[in-house]
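Here the structure is laid out as structure tokens; the discussion comes afterwards.
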Amino acid sequence: MESIQLSHGAGGEAMWELIKVLILPAFKLKRIEDGVGLEDLDDASTIPLGDLEVVISIDSHTVEPLFFPGGDIGRLAVAGSVNDVAVMGAKPLAMVDALVVEEGFPVKDLERIIDSMSRTAEEAGVALLGGDFKVMPRGKVDGVVVTTAAIGVAPRGRTLKDNRLQAGDVIIVSGPIGDHGIAIASVRGG
């Protein structure tokens, strides 16, 4: 691998290869006690604390266009991180965020994204505990990058882990599959 490509951030085989070759070997401490850690490559990680596990997930969100049928980058960011905690069997409680905005970005669009994040957090019953806000010079970031970290709790030893899925397990789908991808593709492709 000579240089980073778009495919390395797309969640597919190229990204997993980059993680296995570059990131995993770089860190010696990859978990706390019997919690879920980096090497598990799951949706979230856990910190065991007494009878509970604190479940944590973080994601950075970029999307083009920022606003699409059925949502926007704000809804996508909050829902994505909260979902990563929930699918591990935890009750989502709170989140933090970091917004990186391009100089010259319209305030009305930022207000729309923040309002969407607020409504989505309220729907999920999670509090925004804090965050960060940075501005990059014009042309150095494509509009907005939203990073969210969600935090929840689960009974210790009761989290659901991707690496423990087996044939015959039941997977619950709570909504339509593929709507987001189709919405983005329809706007991009006309």
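Structure values in brief
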{"read-out": "In segment 55-95, residue farthest from residue 156 (Cα to Cα) [restricted to those that are charged (D, E, K, R) and out of contact with any helix residue (DSSP H, G or I) (no Cβ under 6 Å at 6 or more places or on another chain)]", "value": "64"}
{"read-out": "Residue list for segment 1-49, restricted to those being outside the structural domain of residue 94 (by TED's automatic domain parsing), within 16 Å of the chain's Cα centre (by Cα) and aliphatic (A, V, I, L, M)", "value": "10, 15"}
{"read-out": "Qualifying position, being surrounded by fewer than 16 Cβ atoms within 10 Å (Cβ to Cβ), of a type outside the set (Ser, Thr, Tyr) and closer than 21 Å to residue 58 by Cα, among 125, 143, 152", "value": "125"}
{"read-out": "Total residues in segment 50-65, condition of a type outside the set (Val, Ile, Thr) and under 24 Å from residue 141 (Cα atoms)", "value": "6"}
{"read-out": "Which listed residue, of 146, 100, 135, 153, is at pLDDT 95 or above, in contact with a helix residue (DSSP H, G or I) (Cβ under 7 Å, 6 or more places away or on another chain) and either in the same structural domain as residue 48 (by TED's automatic domain parsing) or aromatic (Phe, Trp, Tyr) (or both)", "value": "146"}
{"read-out": "Top-ranked residue of segment 103-116 - restricted to ones that are in contact (Cβ under 8 Å) with a residue 40 or more places away in the chain and out of contact with any helix residue (DSSP H, G or I) (no Cβ under 7 Å at 6 or more places or on another chain), ranked as surrounded by the fewest Cβ atoms within 10 Å (Cβ to Cβ)", "value": "115"}
{"read-out": "Filter result for residue 52 (more than 18 Å from the chain's Cα centre (by Cα), surrounded by 15 or more Cβ atoms within 10 Å (Cβ to Cβ) and under 17 Å from residue 158 (Cβ atoms))", "value": "yes"}
{"read-out": "Exclusive hit being farther than 25 Å from residue 47 by Cα and in a strand (DSSP E or B), set 76, 99", "value": "99"}
{"read-out": "Members of segment 158-181 that are surrounded by 11 or more Cβ atoms within 10 Å (Cβ to Cβ) and of a type outside the set (S, T, N, Q)", "value": "158, 160, 161, 162, 179, 180"}
{"read-out": "Residues being under 21 Å from residue 92 (Cβ atoms) and touching a residue at least 24 places away in the same chain (Cβ under 8 Å) - total across segment 1-40", "value": "2"}
{"read-out": "Residue 39 vs. criteria assigned to a strand (DSSP E or B) and not basic (Lys, Arg)", "value": "no"}
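Yes/no per residue for (1) in contact with a Leu (Cβ under 9 Å, 6 or more places away or on another chain); (2) in a helix (DSSP H, G or I); (3) of a type in the set (S, T, N, Q):
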| site | (1), (2), (3) |
| --- | --- |
| 110 | yes, yes, no |
| 123 | no, yes, no |
| 131 | yes, no, no |
| 134 | yes, no, no |
| 138 | no, no, no |
| 149 | no, no, no |
| 170 | no, no, no |
| 176 | no, no, no |
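The values are calculated or read from the model by the stated rules, or taken from the named source; none is laboratory data. Since the structure is predicted, the reported quantities are computational estimates derived from the model, not experimental observations. Every residue, glycine as well, gets a Cβ built from its backbone with ideal geometry; the counts of neighbours run over all protein chains shown.
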